[in-house]
Amino acid sequence: MGSSMQSHMSFLGLSKPNIEKMEENKDVEGLIKALTHGDSGIRGLAVLALGRIGDPTAAGPIIQLLKDNDYHVRWAAAWVVAGIAGIEAVGPLAQALRDKDETVRVQAARGFGIMATRGLIIGDSRAIEVLTSATEDNSPHVRKAAQEALEKVRLPPPP
């Protein structure tokens with residue numbers, strides 16, 4: 001297949017990008033492009049690779065994937081965004097706490113805990129409100145994750 005045909009297929013999302021190679025090369029731009037690939041598996045792998053790289057410039061595009069139609073991608077996005085985003089992720093993670101999929105809700109709650117551990121949302125009233133609400137979720141796993149995160153968010157700020 002000629003390179004022109006390959007680039008057209010890649011543009012259309014028909015070819016699979018080499019996520020492992022992009023991660024090895026720390027190709028954040030290429031991985032961010034892969035977040036829009038037609039294959040949800042590629043999107044999920046790109047999210048995880050970006051999380052391992054830890055570049056905060058990927059936070060915005062990953063936050064968008066909290067609304068992806070594939071719950072695996074939403075789960076990965078909730079996990080990764082908490083480690084690289086700033087407080088701009090509080091609202092989107094709060095929405096993810098209401099996701100129809102239990103594993104996404106659990107990871108969103110854990111995400112609040114990760115952000116608190118990073119010192120970003122200690123005492124944040126929005127986080128406390130949504131986590132308190134999540135302690136009444138119908139899933140015991142979500143309730144437990146929300147309670148654990150709430151304990152971290154409620155910690156007094158460092159002196």
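Taking interchain pairs and intrachain pairs at least six residues apart, which have beta carbon atoms under 7 angstrom, with the first residue in the range 100-111 and charged (D, E, K, R) and the second surrounded by fewer than 24 Cβ atoms within 10 Å (Cβ to Cβ) and in a loop (DSSP other than H, G, I, E, B)?
Glu102/Ser139; Arg105/Asp99; Arg105/Asp137; Arg105/Ser139
On the basis of being modelled with pLDDT under 95, part of a helix (DSSP H, G or I) and more than 18 Å from the chain's Cα centre (by Cα), does Ser4 make the cut?
yes
Can Ile87 be described as surrounded by 17 or more Cβ atoms within 10 Å (Cβ to Cβ), at pLDDT below 95 and within 16 Å of Lys152 (Cβ to Cβ)?
No; evaluated as a whole, the condition is false for this residue.
The values are calculated or read from the model by the stated rules, or taken from the named source; none is laboratory data. Fair warning: this is a prediction, and the values are worked out from it, not measured in the lab. Quick reminder, even Gly has a Cβ in these numbers, built from the backbone with ideal geometry, and neighbours come from all protein chains shown.
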